[in-house]
Amino acid sequence: MKITIAYIEEPPFGWTEANSIATGADIDLANAVLRAIGVTQIEYRPVTFSELLPGVDAGRWDMNVALFVTPERANLVAFSVPVWAIGDGFLVRAGNPKALDSYSSLGKRRDARLGIIAGQVQYNSARAAGVNEDQIAIFEQQADAIEAVCSGAIDAYASTALGNRILADRIGGSVLEAVTHKAETNGKQRKLPLGAFSFNRNNRDLLNAVNEQLRSYLGSPDHRTRMVEFGLTHNEIDPALTR
């Protein structure tokens, strides 16, 4: 059986190595789960983020790497059980010259501009926290957003806190810095957003098989060992575990 998975260039979840091989935490997890349920051939297809949901919905491929679960997205695709839970953060220039540590702090700086990848949940989070439309720049590719931070065209790029830490480490602390968002004080304990694989809603057989394997595999010693190689620890894994 052959399965095609779409992914985007977003370390540590997925990226393409110089030898054109797809790798990353989500790629590795998908590979382990699919092999366990008897899939013999796996094809990885690089796409833009905005292509993920409509592509799997139209049947152009079978499965997407994990992305944040929202009610709106659940109207388009079928999500697996959660595979990680991760909060947002910023990628900024070294030293964080505008002291940006949350969406609301950026919204209060009318001279601050924020970069977001088209279609990602960070847009709604930023707008809900008071970031104005004219403060937001939309990009199709992560590499373009990173370049915009480096050049000063934008002051921060919003993505997962984990992903930004990985990027800052790769690029170098003298150039870019990762900032985990400061918790908003609203008297409630903040729950981390959950990420899950997604499928065409009519592909119930594949979804059910993947879910069954995920429930037995997530949190296992082998899973944790594989994920730590990509920077995912109990902090990202444990809040997503369902039994």
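Please treat every number below as a calculation from the coordinates, not as lab data. Treat the numbers as computed from the prediction; the structure is a model and nothing was measured. FYI the Cβ positions are ideal-geometry reconstructions off the backbone, even for glycines, and counts take in every protein chain you see.
Where does helix 161-171 land angle-wise versus the long Cα axis of the chain, in degrees 0 to 90, nearest 10? Helix 161-171 and the main axis of the chain meet at about 80 degrees. Note on the chain: with a GNM built from Cα contacts shorter than 10 Å, the maximum mean-square fluctuation among 52, 206, 176 falls on 206. Estimated from helices alone, the mean residue ellipticity of the chain at 222 nm is -9500 deg cm²/dmol (sum of -39500 (n - 2.57) over DSSP H runs with n ≥ 4, per residue). Expressed as a fraction of 2.2 N^0.38 Å, the value expected for a compact globular protein of N residues, the C-alpha radius of gyration of the range 88-180 is 0.93.
Helix 142-151 and the long axis of the chain differ in direction by around 20°, with both axes built from C-alpha atoms. In the chain, the longest principal axis of the Cα atoms and the axis of helix 25-36 are about 10 degrees apart. Considered as an equivalent ellipsoid built on the Cα gyration tensor, the chain has semi-axes of 31, 18, 18 Å, the largest given first. Applying the Karplus relation 6.51 cos²θ - 1.76 cosθ + 1.60 with θ = phi - 60° to the range 14-24 yields 3J(HN,Hα) values of x, 6, 10, 6, 4, 8, 6, 8, 7, 8, x Hz, where x marks Gly and Pro. May I ask for the distance between the Cα centers of the range 41-95 and the range 153-222, given as a whole number of Å? Here the two parts' Cα centres lie 10 Å apart. Take the Cα of residue 235, step 7 Å toward its Cβ, do the same at residue 203, and the gap between the two points is 3.3 nm. For the pair residue 128 and residue 151, label points projected 7 Å from Cα toward Cβ lie 3.2 nm apart. The GluC sites (Glu not before Pro) of the range 1-51 meeting both criteria, a DSSP state outside H, G, I, E and B (loop) and at most 15 other C-beta atoms within 10 angstrom of the site's C-beta, are 17. For residue 215 and residue 45, the difference between the fully extended length at 0.36 nm per residue and the C-alpha to C-alpha distance is 58.6 nm. Got a sec? Charge dipole of the range 88-180, +1 on Cβ for Lys and Arg, -1 for Asp and Glu; which of 116, 171, 97 is way out at the positive end? The residue sitting farthest along the positive end of the dipole is 97. Annotation: extensible slack from residue 191 through residue 143 equals 14.4 nm (criterion: 0.36 nm per residue apart, minus Cα-Cα distance).
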